[in-house]
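K.L.:
One structure, pasted below without further comment.
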Amino acid sequence: MQIIIVGCGKVGTALTAQLCNEQHNITVIDSDSAVVNAISTTYDVLGITGNGSSYNTLIEADIEQTDILIAVTTSDEMNLLCCVIAKKAGNCKTIARVRNPVFNQELDFIRKELAISLIINPELAASVEIARLLRFPNAIEIDTFAKGRVEILSFKVPENSALAGLALWELSSRFRCDMLVCAVERAGELLIPSGNYTIEEGDMLSMIATPQNANNFFKHIGIHTNQVKTVMIIGGGGITYYLTQQLLAMGMSVKIIEKNKERCEELSDLFPRATIIHGDGSDSNVLFEEQIEDSDAFVTLTDIDEENIMLSLFAMDKVRTKVVTKVNRVNFSAVIHSLNLDSVIYPKHITAELILSYVRATQNSIGSNVETLYKIMDEKVEALEFIIQPTLRIINTPLRQLQLKENLLVACINRKGRIIIPGGDDCFMIGDTVIVVTTVSGLQDINDILKDR
Amino acid sequence: MNYSMIVYILGWVLNIEGLFLIPPCIVALIYGEKSGSAYLITMVVCLSLGLLVTRKKPHNTSFFSREGFTSVSLSWIVLSIFGAMPFVISGEIPHFSDALFETISGFTTTGASVLSDVEALSHCSLFWRSFTHWIGGMGVLVFILAVLPLRGGTRVYLMRAESPGPSVSKLVPKLKSTAMILYGIYVTITVLEVIFLLVGGMPLFDALTISFGTAGTGGFAIKNDSMAGYSTYLQGVVTVFMILCGINFNAYFFIISRRFKNAFRMEEVRAYLLIILASIAVIAFNIRDMFPSIFQTVHQAAFQVGSIITTTGYATTDFNIWPEMSKTILIALMFVGACAGSTGGGIKVSRLVILVKTIKKEILGIIHPRSIKKIKMDGHPIEHEVMRSTNVFFIAYMMIFAASVLLLCINEFDFTTNFTAVAATLNNIGPGMELVGPTHNFSIYRGLPKYVLMADMLIGRLEIFPVLVLLSYRTWKR
């Protein structure tokens, strides 16, 4: 695909490296000619020095033939402007990085009105990732769909589990929650199971559910999710803000240690339910005084990488469940990995990964009606999101009457934000988004889920 | 230094050379010539050596600037050594140093020959001589870039080392596609010329070899009198195509992709065409008494100017007997050279444009000491780095030139001969003046001067620095 990347900072460079590896045609734009030179001598890309929001520069970068423009400069407004101009000049898909929390409330509006395909807030994305780690500290793989309203969770059925020996159709009623097992891996073999499939110990299950139901389900079946209950956060920056929001919503108790008095007051104003401590998080006395031993999780989110790493090393043997370290610089990940820190979060990586997965999904969906495509279970199973268009033949037909392909499952219907895990009596309606899980690859259209006649 | 990766690339160079040796074999088959076996042997040697080395990709694929520069200059040396083998094996050029001179002259698109009787060569050798021009014109590494699956960084470093001109310019984001487009344009120009020559009644063999020499701006002719024996129409066609091949290929890409404004805006191309027109006018006026008609005068002037400025080196007449003024202009044109990003050699018009603009800036800086001026080309500011490297290139070029002339003096030939011999090889032109003029050849040079001229040809084609990097001890130091 033809891709333009505006802004060659850390994220821009990481994206260039990865997308270049995936054989895309990349043009990079940056106003600093030294940066452009450096990147275009290291990678096989076309470098243009100029302002990425200028029409002429974009024309020079051949915007008319471009599929995706990614704006990751340091300025939010610049990124948005780039996307708007690119959209008008070349009608391509656009991705913008927007950091300022002021815009956060208005992202949906901005996205819709400015016709931007994807807006990424790195701090929000990092906080979502951290929250996920704290929610299921055990190894459970999660993919989110329908803007986070649905999740596909993959987990191994442990020994002596209540699940073993049950047929799939029994699950929902037995545990009284709406969920659907959509893929099973047993002894290396992958299949899309029917209702009569009996679960055994050691099976790898993939199930689709809303986050709420997923939590309930794990509680019911007695899989110890080790959910964290008390969290200590060092540093009160942007990620802390978003993270606290989510953790409080999940009912965890949050303690934030922040140096800056004014910021403490702001935070306490924003989150009355959180405990805000004004103090130096790198002072061990402060940490002991605030009972670091009694916290389940310890998250270091200061601006200084070294401080985060040192603090986490200090906290490793004191905290009960989880230590999360934020590291900004991506260059030394190998060294940091060798330190055996529990979990390390690279916000820049996360941003790059999100953009990459969007680019990959776009590439997969070129020429098809697939909205998004995810690969789950070690990329062996595809989960595809379709939008139901008014022209579809099978609208309003109950699912049980449809002759679906083998190894294919309609896993979820999103009807105006309401999540339906479909049974045989449900049917597609205009405007629904539908998630189909299948081992058959190459589906182009929702009609392709039907058996060939 | 990652030797295994350099060897791997050299292996590919041999593979490609092996493939390029197929056409002369076919020619030998058609004409039933025994010397074809020499080409077959060389081909087998190249392919077996190449395939042996490229059988496995090295584990360590790290490849940086120094690896890029060294492998490019080594590639050209390897290419020339193996390319010389058929001449020696077939006995048509018995001395290896002569054969090497001829092959280097071919690959670097110089066209300087050590043969006094070209017509004595077999058809397949004539074909191979001209074909080396065609291969060398666009660059073997560019060809490898187009076909070989290499990692992004590797490509960039190779391209930077081989492509002529002050800065690397890509047409499209991917080097692979850029290389393919360049070769596409190159093949198209060649085919067009062949067609035009065939229409003029030239035999197919002549049309092919002449076109290879023109497109690569080489200059090996298959007749002893170079191009003088062909009709005015054929000479005219060659004139036009020589000048076309000296134009920056980016211009053609802009035209193909319908960005006419960009093509028209290229200052380098405009300066190039202007220099050509002015030179033709002055020379035609200067030689007006030597030819019967105005048309003939302009035609002869145009052919010689086109041949020299594009560094091709064909000749339709012995310009050695022209008046001094015309000769001086022609020698000046030798240094100017063609456009960057073309198949021609020389200093390159774009470098001269940049140098002239730096001088203007310097003068402005003296008159208004506090003035700040960005030098622009094609509407884009030229980066300081490019200006600096252009200046250094020019200095290095002049020093190498002076050193070569000094080294050549041991032969005790007259100054014009030595001076133009170096100018003709360092700028990849071919014929010089006096004893190395269009009716003579380079066989007068023996021993050290011959190797100096060979080195000059390589230095000129690779634009100095790859060869200097190869010779620098720091490159090889651990």
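Read the figures in this text as sums done on the coordinates, not as results from a lab. Being a predicted model, the structure only gives us computed values, none of them experimental. No Cβ is skipped: glycine too gets one built from the backbone with ideal geometry, and neighbour counts run over all protein chains shown.
K.L.:
For chain A, report the translational diffusion coefficient in µm²/s to the nearest whole number, using Stokes-Einstein at 4 °C, 1.567 mPa s, and a Kirkwood Rh over Cα pairs.
P.N.:
In µm²/s, the coefficient rounds to 54.
K.L.:
Out of segment A:388-430, which trypsin sites (Lys or Arg not before Pro) are coil in DSSP terms and have no more than 11 other C-beta atoms within 10 Å?
P.N.:
Passing both the DSSP loop test and the Cβ count: A:ARG393, A:LYS416.
K.L.:
Given the alpha-carbon gyration tensor of segment A:368-449, what are the semi-axes of its equivalent ellipsoid in whole angstrom, ordered largest first, with each equal to the square root of 5 times an eigenvalue?
P.N.:
The equivalent ellipsoid of segment A:368-449 has semi-axes of 19, 13, 13 Å.
K.L.:
Write down, largest first, the equivalent ellipsoid semi-axes of segment B:74-158 in whole Å, where each equals the square root of 5 times an eigenvalue of the alpha-carbon gyration tensor.
P.N.:
Semi-axes from the Cα gyration tensor: 28, 12, 10 Å.
K.L.:
Restricting to DSSP H runs of at least four residues, report the calculated mean residue ellipticity at 222 nm for chain B, -39500 (n - 2.57) per run over all residues, nearest 500 deg cm²/dmol.
P.N.:
Roughly -21500 deg cm²/dmol at 222 nm, from the helical runs in chain B.
K.L.:
Okay, next question. Kirkwood Rh, segment A:230-351, all Cα pairs: how many Å?
P.N.:
Taking every pair of different Cα atoms in segment A:230-351, averaging 1/r and inverting gives 14.4 Å.
K.L.:
Expressed as a whole number of Å, what is the distance separating the alpha-carbon centroids of segment A:376-453 and segment A:79-115?
P.N.:
If we compute the Cα centre of each part, the gap is 30 Å.
K.L.:
Still on this model: Given an 8 Å cut-off on Cα distances and at least 6 residues of separation, report the relative contact order of chain B as a percent.
P.N.:
Relative contact order of chain B: 18 percent.
K.L.:
A further question follows. How large is log10 I(q)/I(0) at q = 0.11 Å⁻¹ when the Debye formula is applied to the Cα atoms of segment B:1-124, each weighted equally and without solvent?
P.N.:
-0.42
K.L.:
Continuing with the same structure: Can you list the residues, at least 5 places off or on another chain, whose amide H is less than 5 Å from the amide H of A:ILE70, using H built in the peptide plane?
P.N.:
So A:ILE70 has HN proximity to A:ILE4, A:ILE5, A:VAL6, A:ILE95.
K.L.:
Also: What list of ³J(HN,Hα) values in whole Hz, one per residue of segment A:409-414 in order, does the Karplus curve 6.51 cos²θ - 1.76 cosθ + 1.60 (θ = phi - 60°) give from phi, with Gly and Pro shown as x?
P.N.:
Whole-Hz 3J(HN,Hα) from phi for segment A:409-414: 9, 7, 8, 6, 10, 10.
K.L.:
At what distance in nm do the modelled label points of B:GLU412 and B:SER4 sit from each other, each positioned 7 Å from its Cα along Cα→Cβ?
P.N.:
Modelled inter-label distance: 5.6 nm.
K.L.:
In chain A, what percentage of the DSSP-assigned beta bridges are antiparallel, given to the nearest 5?
P.N.:
Beta bridges within chain A, antiparallel portion: roughly 50 percent.
K.L.:
Right, here's the next one. Can you list the residues of segment A:417-452 with backbone N under 20 Å from a point 7 Å past the Cα of A:SER194, pointing along Cα to Cβ?
P.N.:
Inside the label zone: A:422-426, A:437-440, A:449-452.
K.L.:
Ranked from highest to lowest mean number of other Cβ atoms within 10 Å per residue, what is the order of the peptides B:281-289, B:262-270?
P.N.:
Most protected by this proxy first, the peptides run B:262-270, B:281-289.
K.L.:
Collect residues whose amide H, placed 1.01 Å from N in the peptide plane, falls under 5 Å from the amide H of A:CYS182; neighbours closer than 5 in sequence don't count.
P.N.:
For A:CYS182, whose amide H was placed from the backbone, the distant partners under 5 Å are A:SER206, A:MET207, A:ILE208.
K.L.:
Please express the shape of the protein assembly as shown as an equivalent ellipsoid: the semi-axes are the square roots of 5 times the eigenvalues of the C-alpha gyration tensor, given largest first in whole angstrom.
P.N.:
67, 32, 26
K.L.:
Please list, or write none, the lysines whose alpha carbon is within less than 24 Å of the alpha carbon of B:LYS56, excluding same-chain residues fewer than 8 places away.
P.N.:
Correct list for B:LYS56: B:LYS176.
K.L.:
Follow-up. Straight-line reach from A:LYS229: which lysines have Cα under 23 Å away, leaving out those fewer than 8 places along the same chain?
P.N.:
A:LYS219, A:LYS255, A:LYS318, A:LYS322, A:LYS326
K.L.:
Once a ≥ b ≥ c are taken as the square roots of the eigenvalues of the Cα gyration tensor of segment B:194-275, is the result rounded (a/c under 1.5), prolate (a/b larger than b/c) or oblate (a/b not larger than b/c)?
P.N.:
The shape class here is prolate.
K.L.:
To one decimal place, what Kirkwood hydrodynamic radius in Å is obtained for chain B from all pairs of distinct Cα atoms?
P.N.:
It is 22.6 Å.
K.L.:
Moving to a separate point now. Report the antiparallel proportion of the DSSP beta bridges in the protein assembly as shown as a percent, rounded to a multiple of 5.
P.N.:
So the antiparallel bridges amount to about 55 percent of the total.
K.L.:
Please sort through the DSSP H helices of chain A and keep those with an alpha-carbon extent of at least 18 Å along the long axis and a Kyte-Doolittle average not below -0.5.
P.N.:
The answer, listed by residue number, is A:76-90, A:122-135, A:347-364.
K.L.:
When the C-alpha atoms of segment A:168-248 are aligned to their principal axes, what extent does each axis show, in angstrom, from largest down?
P.N.:
50, 29, 19
K.L.:
Further, regarding this structure: Where the Cα atoms of segment B:238-338 are projected onto their three principal axes, how long is each span, largest first, in whole Å?
P.N.:
45, 26, 20
K.L.:
Still on this structure, please answer the following. Would you kindly calculate the mean projected area, averaged across all directions, of the convex hull enclosing the Cα atoms of segment B:380-478, in square nanometres?
P.N.:
Taking a quarter of the hull surface, the average projection is 8.3 nm².
K.L.:
Using only Cα atoms, locate the centre of segment A:301-343 and the centre of segment B:116-175, then give the distance between them in Å, rounded to an integer.
P.N.:
Answer, in whole Å: 51.
K.L.:
Shifting gears a bit: Using a simple charge model, +1 on the beta-carbon of Lys and Arg, -1 on the beta-carbon of Asp and Glu, nothing else, what dipole does chain B show about its Cα centre, in debye to the nearest 20?
P.N.:
So the dipole magnitude of chain B works out to roughly 2520 debye.
K.L.:
How large is the dipole of segment A:230-351 about the Cα centre if only Lys and Arg carry +1 and Asp and Glu carry -1, each at its Cβ, rounded to the nearest 20 debye?
P.N.:
I would put it at about 440 debye.
K.L.:
If a helix is a whole DSSP H run, which ones in chain B reach 30 Å or further along their own axis (Cα) and hold a mean Kyte-Doolittle hydropathy of at least 0.0?
P.N.:
Correct list, ordered by number: B:65-89, B:175-199, B:384-408.
K.L.:
Which residues' amide hydrogens lie under 5 Å from the amide hydrogen of A:ILE257, considering only partners 5 or more residues apart or on another chain, with H built in the peptide plane?
P.N.:
A:ILE233, A:ILE234, A:GLY235, A:ILE277
K.L.:
Size of the dipole of segment B:386-476 about the Cα centre, Lys and Arg at +1 and Asp and Glu at -1 on the beta carbon, nothing else charged, in debye to 20?
P.N.:
340
K.L.:
While we're looking at this one, here's another question. Among A:PRO398, A:ILE63, A:GLN2, pick out the residue whose Cα is farthest towards the positive end of the charge dipole of chain A, where Lys and Arg carry +1 and Asp and Glu carry -1 on C-beta, about the Cα centre.
P.N.:
Final value for the positive-end residue is A:PRO398.
K.L.:
Can you give me the C-alpha center-to-center distance between segment B:283-310 and segment B:247-269, rounded to a whole angstrom?
P.N.:
Centre-to-centre distance over Cα atoms comes out at 28 Å.
K.L.:
From the Cα trace of segment A:2-120, what convex hull volume per residue do you get, rounded to a whole Å³?
P.N.:
Roughly 84 Å³ of hull volume per residue.
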